[in-house]
Amino acid sequence: MYTVVDIETTGGTARSHKIIEVAIVTYDGKQIVDSYSTLINPMKYVPPFITSLTGISNDMVETAPTFEEVAETILEKTEGRIFVAHNVNFDYSFLKQEFSILGLKFERKKLCTVRLSKKIIPGYRSYSLGSLTNELGIRINNRHRALGDAEATARVLDYLIQRDHDDFIGYSLNKKSKEATLPANLPKEVFDNLPENTGIYYFHNEKGKVVYVGKAKRIKSRILGHFTTDSASSKRLFHENIHNISYELTGNELIALLLESREIKRLWPEYNRVQKFTSNNQGLYPYVDRLGYTRFTIAKIQPGAKPLASFKNFQEGRLFVHELIRKFKLCPKLCGLQKSDGACYDHKLGLCDGACKGDISASYYNKRVELAADSIKDEKLSFAIVGNGRIPEERTIILVENGRYLGHGFTDYNLPAKSFEELRSRITSYPDNQDIQKILQLYLKQPNGDQVIYF
């Protein structure tokens, strides 16, 4: 016995949105034997675009039962039956989330009529419910309402059962097949061929464009995690847009982290939310004024410029310079933090010894500035990180020069490195940015057994 389900919701994510209508059509393998549908009060606002799509308004759901009030009916009508939907993980994830809020478990065997259709009746241009039913001559009454879509999906299921000569439905119900877990448009062969190695992976849409980049120690397991119903990534459009997966092995997790960060900025994938922006856009620069005093200024980083330090915003730079002023007894005015016609405000408080008004010589003051600049440079080390490669005979190299990430590469296991320049010839250059620096700084606190060579 099958229960064919369709829901309408306030949005595309089970954890952020709510059900506003549910329909359950019972199909016994030959015909529809029962139908049930109800509006549901989501206890939240129904957006205008949902109303325009479904016709369901806030006024309509205001007097409808809450999910808690219909939960027992839904449990009874789906108990012991196979849960079927067009793009099943969307509908299933919403119901599972609602039952979870009530402290109840909702576990059912699942079938996806999108995946079934692609296997049993391949070759159609589109497998959306509207396109598929049109191709099969199945009429949808009241499109984008739960009952109309559920009844049409039941008829699609009936059509598929009559043509399932290889028992693909039986295979799909086997948990090991993963057919009910994978996104509707992703060929299972693509998933089956994924490795359990460390690297980065790309989700591609129907046109081949990359829509998401991720990294993993075990690529196949991590990708499967995206598709479980409890995943935070259980978003309808996200899943529907995954048509293919590619990957690149990196040998170790640090290379994967660095490459993932670079690829997100290079490809700008639609569903990556973090690391798209390189936020270090302010730099600390020294210059000499007309009286010979070395000053600091915080300014926007320009292409080709090499600041002493970089910051994500001006305020972060100010805090950094305040610390230099405190440690090296520098003048706030000459460091660009105060503006006044005469002496700085700190001089009036006895905290500055008067470089701003010529009380001490430029040469005497500049020695302190040099010490401050050197303290920044001392923190910018040159080193290489040598780790495991993609195969036992290979090693990875990450190269940093004066605190700046140069790039990474792969080399033979037994090939010795005699100099920094020799290592430089073995890497591919990649851009440095704040996210890369954070990754390296966190890693150096726990190198995980990799060899760190300082120069």
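The values are calculated or read from the model by the stated rules, or taken from the named source; none is laboratory data. Everything numeric in this text was worked out from a predicted model, so none of it was measured. Glycine also receives a Cβ, built like all others from the backbone with ideal geometry; neighbour counts cover every protein chain displayed. For accessibility, only protein heavy atoms count, side chains too; no ligands or nucleic acids. Shrake-Rupley method; radii C 1.70, N 1.55, O 1.52, S 1.80 Å.
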- line: If we take the range 1-53, then strands (runs of 3 or more DSSP E) inside it with 3 or more residues that are open to solvent by 40 Å² or more (accessible area, probe 1.4 Å) are 32-39
- prompt: Would you say L291 is touching a residue at least 60 places away in the same chain (Cβ under 8 Å), part of a loop (DSSP other than H, G, I, E, B) and open to solvent by 30 Å² or more (accessible area, probe 1.4 Å)?
  reply: yes
One residue from L95, L53 being out of contact with any His (no Cβ under 7 Å at 6 or more places or on another chain) and either among the hydrophobic types (A, V, I, L, M, F, W, C) or at pLDDT below 95 (or both): L95
query: Taking the range 219-234 as the region of interest, how many residues are over 13 Å from K178 (Cβ atoms), open to solvent by 50 Å² or more (accessible area, probe 1.4 Å) and modelled with pLDDT of 50 or more?
result: 2
- prompt: Where residues in the range 360-381 are in contact (Cβ under 8 Å) with a residue 12 or more places away in the chain, open to solvent by 20 Å² or more (accessible area, probe 1.4 Å) and not hydrophobic (A, V, I, L, M, F, W, C), which of them is farthest from T250 (Cα to Cα)?
  reply: S363
- prompt: Pairs, please: C-beta under 7 Å, at least 6 apart or cross-chain, first residue touching a residue at least 40 places away in the same chain (Cβ under 8 Å) and in the range 11-38, second aromatic (F, W, Y) and surrounded by 16 or more Cβ atoms within 10 Å (Cβ to Cβ)?
  reply: A14/F94; I19/F67; I19/F94; A23/Y36; I24/Y36; Y27/Y2
message: When you check E196 against the structure, is it among the charged types (D, E, K, R), open to solvent by 60 Å² or more (accessible area, probe 1.4 Å) and farther than 24 Å from K119 by Cα, yes or no?
response: yes
- prompt: Can you pull out the residues in the range 235-270 that are open to solvent by 40 Å² or more (accessible area, probe 1.4 Å), aliphatic (A, V, I, L, M) and modelled with pLDDT of 90 or more?
  reply: L249, L257, L267
